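Any read-out appearing in this document is the output of simple, stated calculations on the displayed coordinates, not a laboratory observation. From a predicted model like this one, the values you see are computed outputs, not experimental measurements. Cβ sites come from the backbone with ideal geometry, for glycine too, and all protein chains shown count toward neighbours.
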Amino acid sequence: MTKARIAVLVSGGGTNLQALIDAQGAGTIHSGEIALVISNNPGAYALERAAKAGIPTQTVSKKQLGGDQEAFESRIKELLSAHRIDLIVLAGFMSILSENFTKDYPERILNVHPSLIPSFCGVGYYGLRVHEEALAYGVKVTGATVHFVNEIPDGGKIILQKAVEIMEGDTPEILQRRVMEQAEWKILPAAVELVSKQLIG
Ligand code: GAR
């Protein structure tokens, strides 16, 4: 294998996907290539970012599959295998994958989470909600984590973390943006290169 073939799973705006596309363009990611983007949301702007970058896209909607988790995951598995994917990156993917899925890809699925795990993580902690909780608690430092995905939500081995300061007057939106800029968009590409390099090693 010369480059690890990467699938990025998304649900929304896709700024983390964009950071990966840009890192690939800049050569920061050179041991892997984004070969597929899968969205569980047909309206995700991330799909447009992928298309603009010439990356094949697929949508797998659980709703359109009658809400059936097994059918949802087996469709994703089919796509991953058809595209010969080596590494799966969850970049703002707002659906929890079951053990039935994760057990097939040990240390082959990465996730970016917008807090310093083990704070503000697990079931129910996603997107803006994470930053609302950090502000409500009154922590002075938060950040982002990239970790391997296993059967425990946000519970897999940590790969990279970066701390971000909370400032007086922060709103969840302001804090989310700072965590993305200072942490997520840096450590996600770095972790993807690190793991891709190990895979092709
Ligand atoms: C990011 O902040 C990501 O860390 C978070 O959702 C946002 C997606 O933004 N993910 C989670 O909360 C997962 N538990 P993006 O679509 O612009 O990358």
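Taking helices (runs of 4 or more DSSP H) that do not extend beyond segment 113-201, which have at least 3 residues that are over 22 Å from ILE88 (Cα atoms)?
128-137, 172-179
Which of the residues belonging to segment 1-30 are hydroxyl-bearing (Ser, Thr, Tyr), over 12 Å from the mean Cα position of the chain (by Cα) and over 21 Å from ALA82 (Cα atoms)?
Result: THR28, single match.
Residue-by-condition table, conditions (1) crowded, with 16+ Cβ neighbours inside 10 Å; (2) within 16 Å of the ligand (Cβ to nearest atom); (3) aromatic (Phe, Trp, Tyr); (4) under 21 Å from TRP185 (Cα atoms):
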site: LEU80; (1), (2), (3), (4): yes, no, no, no
site: ALA91; (1), (2), (3), (4): yes, yes, no, yes
site: GLY124; (1), (2), (3), (4): no, yes, no, no
site: VAL139; (1), (2), (3), (4): no, no, no, no
site: GLU151; (1), (2), (3), (4): no, yes, no, no
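How about segment 105-116: which of its residues are more than 10 Å from the ligand (Cβ to nearest atom) and surrounded by 14 or more Cβ atoms within 10 Å (Cβ to Cβ)?
To start, the set of residues in segment 105-116 that are more than 10 Å from the ligand (Cβ to nearest atom) comprises 105-110, 116.
Across segment 105-116, the qualifying residues are TYR105, GLU107, ARG108, ILE109, LEU110, LEU116.
Please go through segment 93-104 and pick out each residue that is within 12 Å of the ligand (Cβ to nearest atom) and more than 12 Å from the chain's Cα centre (by Cα).
Correct list: LEU97 only.
Identify the residue in segment 39-57 that is surrounded by 19 or more Cβ atoms within 10 Å (Cβ to Cβ) and among the aliphatic types (A, V, I, L, M) and, among all such residues, is farthest from the ligand (Cβ to nearest atom).
Checked segment 39-57; the qualifying residue farthest from the ligand (Cβ to nearest atom) is ILE55.
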